[in-house]
Amino acid sequence: MRTVLAVVAAIIALPLLFGVVTGLESTDPGVVTVVRDGGPFDDTRIRQVIDPGSGLTWAGLWSSTHSYPAQQRFYTITADAKRATTLGVDVVTVPSSDGVNVGIEGTLYFTLNLDHATLKSFDDKYGTRTYRSQDDSSLYAWDGDEGWSAFFGQAVRPVIDNALRAQVGAMRCAELVPSCALLESSALKARDSNINIATVQNGVNAALARDLPRTLGGDFLTGLRFTLVKVTLPGEVQQAVDRSLAANAAVSEAQARVAQARAEADANQARQNGYDKCPACAEIDKLKALPQGITVYAPGNPQAVVVPTR
């Protein structure tokens, strides 16, 4: 009988002990955790929020924890594999106002809003569904960096693309990439491309501050700042620009040769005019041009130039 009671007690105690141990949670400095009830007699509502860098905190028996990044994060759009985010190498390709598809590379800096009420709302909206990752698996936003990137790519990236499309679409290609002017039939007097890029950045930041809360349903991301790093041309357009640059370089070289020849002709003409006015000067210059070591010089008689032998 005692054995049976001991077995029953062990059966009851072990789950309780497991629940007690797993019910204690702590967070790293860069992580904030949303705790949801999950016991056999509980609902799945949010129980509490554990701030970054907390010590052991009682989170309840069999509760589930959703951990999110609490520090500033960045999302990089680039063709450079070494700088790309988990979503992989890519660029945003959008048309300029004159129809050239330019590639945009840049980085968005942001921080998750750590206000408890806002975090709870975020977890209700985005922590209870899955997102498609690069390897085609389904992940939650709190499934590490891969899960967060999957969420960001599906929920936030379209808003970034739309903001870039609107801002870049208001610019001509040559206003963003000055070499584009080489392909236009008429010269475009555009502002400095750096000023235009700054204008695009400011427009994107204003659009994100306005559109992201509206699209996501709350001020879930703060400190938004997009930095436009590079504007690239399609391969065939860049090749045309390179050919135009090469042709312009060849024209410039030819013009330089013409200018040099014209300058030499003018110099020769000026020298001849001087000789006409001063015949003796011509003879003096002839003597100066003779090789060193000549002992006899008879003008008009080429046989009379004697160079001593060694």
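The values are calculated or read from the model by the stated rules, or taken from the named source; none is laboratory data. It should be emphasised that the depicted structure is a prediction, and the values quoted were computed from it without experimental measurement. Note: ideal-geometry Cβ built from the backbone for every residue, glycine included; neighbour counts use all protein chains shown. All accessible areas refer to the heavy atoms of the entire protein, side chains included, with ligands and DNA or RNA removed. Shrake-Rupley method; radii C 1.70, N 1.55, O 1.52, S 1.80 Å.
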Return one whole number: the accessible area per residue of the range 105-172 in Å², for a 1.4 Å probe.
-> 43 Å²
Where chymotrypsin sites (Phe, Trp or Tyr not before Pro) fall in DSSP loop in the range 36-78, at most 16 other Cβ within 10 Å | Phe41, Trp62
Between Ala263 and Asp135, what FRET efficiency comes out of the Förster formula 1/(1 + (r/R0)^6) with R0 = 51 Å and r the beta carbon distance, rounded to 0.05?
-> 0.15
Can you list the trypsin sites (Lys or Arg not before Pro) in the range 29-71 that are in a DSSP coil and have 15 or fewer other beta carbons within 10 angstrom?
-> Arg45
Assign one of three labels to the range 90-178, namely rounded, prolate or oblate, based on the Cα gyration tensor with a ≥ b ≥ c the square roots of its eigenvalues; rounded applies when a/c is under 1.5, prolate when it is not and a/b is larger than b/c, and oblate otherwise.
-> prolate
Within the range 141-180: backbone nitrogen closer than 11 Å to the Asp98 label point (7 Å, Cα to C-beta) = 172-180
